[in-house]
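Asks: After the structure tokens below, expect a handful of questions from me.
The values are calculated or read from the model by the stated rules, or taken from the named source; none is laboratory data. No experiment lies behind these values; they were computed from the predicted model shown. When we count neighbours, we look across all protein chains shown, and the Cβ atoms used for this are built from the backbone with ideal geometry, even at glycine.
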Amino acid sequence: MTSVYVQCGSKSGLNPAFEAAARNIGCVLATGGIRVVYGGVRTGLMGSLASSVLAHGGRIVGVLPRFIAGSEIAHEGLSDVRIVASLAERKALMLELSEAVIMLPGGVGTQDEFWEVLAAAQLGFHAKPCGMLNTEGYYDSLLAFIDRAVAEGFFPAAERASIVVAGEPADLVARLCERAAQI
């Protein structure tokens, strides 16, 4: 795996463990030679991720919709910035530029990105492995929902099995690399 699309919050959240996890996974990806593709802002978990990747000598691509590109929240330290017209184009380009997807804690936007990636996989548009960093059980209720959707016949069991879940960044990245090598 040489590149990964990381989805995470533009806010840091209240639990300091979320920011620590974003910094940690940035370090793991950078030192592992894995390019990061993300939403291009300097705030929240996205900013912590990007700053960590850069601090550890990693490569990072920021994908920004035009309406954010000129704002004060755009990360100014990125060497590779792609400007797109809309949020839809942003998500499509981030997926196109990556070989796998990782979701860290976040809110509605993070969830929107993850569900779109899963839906595209279900429809056969890609076979990229998807990972969920379940820091301090943040996604336990989401995983319970997905398991209920499987039990009720709304979500394929094979798709559920394809979501790699781990609580520690290094473990998640290692398991995603293994999965990517099998594809």
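Asks: Of the conditions (1) at pLDDT below 95; (2) among the basic types (Lys, Arg); (3) within 15 Å of residue 39 (Cα to Cα), residue 160 fails just one. Which one is it?
Replies: For residue 160, the failing item is (3).
Asks: Here's something else I'd like to know. Just to check your reading of the model, which residue among 68, 83 is more than 21 Å from residue 30 (Cβ to Cβ) and either out of contact with any helix residue (DSSP H, G or I) (no Cβ under 8 Å at 6 or more places or on another chain) or aromatic (Phe, Trp, Tyr) (or both)? Spell out the reasoning first.
Replies: On the way: 83 fails: either out of contact with any helix residue (DSSP H, G or I) (no Cβ under 8 Å at 6 or more places or on another chain) or aromatic (Phe, Trp, Tyr) (or both).
Among 68, 83, only 68 is more than 21 Å from residue 30 (Cβ to Cβ) and either out of contact with any helix residue (DSSP H, G or I) (no Cβ under 8 Å at 6 or more places or on another chain) or aromatic (Phe, Trp, Tyr) (or both).
Asks: Name, by its number, the condition in (1) of a type outside the set (S, T, N, Q); (2) more than 27 Å from residue 178 (Cβ to Cβ); (3) free of Cβ contacts under 8 Å to residues at least 12 places away in the same chain that does not hold for residue 20.
Replies: (2)
Asks: Which numbered condition in (1) touching a Gly at 6+ places or on another chain (Cβ under 9 Å); (2) at pLDDT 95 or above; (3) farther than 23 Å from residue 120 by Cβ is the only one that residue 16 fails?
Replies: Unmet condition: (1).
Asks: Another question, if that's okay. Residue by residue through the stretch 25-34, note down the ones that are in contact (Cβ under 8 Å) with a residue 60 or more places away in the chain and buried (at least 20 other Cβ atoms within 10 Å of the Cβ).
Replies: 25, 28, 29, 34
Asks: Something else about it: Where in the stretch 118-183 are there helices (runs of 4 or more DSSP H), lying wholly inside it, with at least 1 residues that are in contact (Cβ under 8 Å) with a residue 60 or more places away in the chain and surrounded by 11 or more Cβ atoms within 10 Å (Cβ to Cβ)?
Replies: Numbers: elements: 140-151, 157-162, 169-182.
Of the helices (runs of 4 or more DSSP H) lying wholly inside the stretch 118-183, those with at least 1 residues that are in contact (Cβ under 8 Å) with a residue 60 or more places away in the chain and surrounded by 11 or more Cβ atoms within 10 Å (Cβ to Cβ) span 169-182.
Asks: Identify, please: which residue in the stretch 11-21 is farther than 12 Å from residue 138 by Cβ and not basic (Lys, Arg) and is, among those, surrounded by the fewest Cβ atoms within 10 Å (Cβ to Cβ)?
Replies: So in the stretch 11-21, the residues farther than 12 Å from residue 138 by Cβ come out as 11-12, 16, 19-20.
Cutting the leftovers down to not basic (Lys, Arg) gives us 12, 16, 19-20.
Working: 12: 18, 16: 9, 19: 21, 20: 13.
The qualifying residue surrounded by the fewest Cβ atoms within 10 Å (Cβ to Cβ) is 16.
Asks: Go through (1) touching a residue at least 40 places away in the same chain (Cβ under 8 Å); (2) within 20 Å of residue 172 (Cα to Cα); (3) buried (at least 21 other Cβ atoms within 10 Å of the Cβ) and name the single condition residue 39 misses.
Replies: The single condition residue 39 does not satisfy is (2).
Asks: Tell me, yes or no, whether the stretch 56-72 has at least one residue that is under 24 Å from residue 13 (Cα atoms), without any contact (Cβ under 8 Å) to a residue 60 or more places away in the chain and charged (D, E, K, R).
Replies: yes
Asks: Same structure, new question: With the stretch 32-116 as the region, which helices (runs of 4 or more DSSP H) entirely inside it contain at least 2 residues that are modelled with pLDDT of 90 or more and under 17 Å from the mean Cα position of the chain (by Cα)?
Replies: In the stretch 32-116, 44-55, 87-96 are the helices (runs of 4 or more DSSP H) which contain 2 or more residues that are modelled with pLDDT of 90 or more and under 17 Å from the mean Cα position of the chain (by Cα).
Asks: How many residues, within the stretch 83-117, are surrounded by fewer than 13 Cβ atoms within 10 Å (Cβ to Cβ) and touching a residue at least 12 places away in the same chain (Cβ under 8 Å)? Spell out the reasoning first.
Replies: The initial filter retains those residues of the stretch 83-117 that are surrounded by fewer than 13 Cβ atoms within 10 Å (Cβ to Cβ), namely 85-86, 88, 96, 108, 115.
Still in the list and also touching a residue at least 12 places away in the same chain (Cβ under 8 Å): 85-86.
Final tally of qualifying residues: 2.
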